[in-house]
Amino acid sequence: MINRETCRKRYVAASIDQKLIDVFPDCEGLPNGFYAKLAKIEKQLIKDNGSINKFISSLNLNQVINDESTVEDKQRSILLLMESKLKKSFDKISWKTSYIAKYDDKKHICKNFQKVLITVVLKLN
């Protein structure tokens, strides 16, 4: 009997674009953990309107494939190359925080907060 998690993993593996899988040598022998990472790569490419063909052609796979290492090492290095290529091209968005009011004394509390907000809004305008 197949459990739910196994079915989910097989569905994820089947839904990945075959072009991404065909990049790997011995693509039928990929480890199960690769499929989730490939799905993330594909999702990121779709989200950013990137072409899978252009992404694959920009990988420079000749160095990895011509290497004298084992098939497993080649597969691992191609996946790392794919992940690093995506990380370089997309930056993470972060919030910039700033204080509304600063006081010298840490125990000092603004008792009339509305006045502080009004002055901040007036300074911004």
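Which one is farthest from Asp26 (Cα to Cα), of the residues in segment 59-77 that are surrounded by 12 or more Cβ atoms within 10 Å (Cβ to Cβ) and polar (S, T, N, Q)? Looking at residues that are surrounded by 12 or more Cβ atoms within 10 Å (Cβ to Cβ) and polar (S, T, N, Q), I get Ser77. Applying the condition of being of a type in the set (D, E, K, R) and within 12 Å of the chain's Cα centre (by Cα) to segment 21-68 and asking which residue is farthest from Arg10 (Cα to Cα) yields Asp48.
No lab work stands behind these numbers, since they all come straight from the coordinates. Remember, it's a predicted structure, so these values are computed and weren't measured experimentally. Methodologically, a virtual Cβ is constructed for each residue, glycine included, from the backbone with ideal geometry; neighbour enumeration extends over all protein chains shown.
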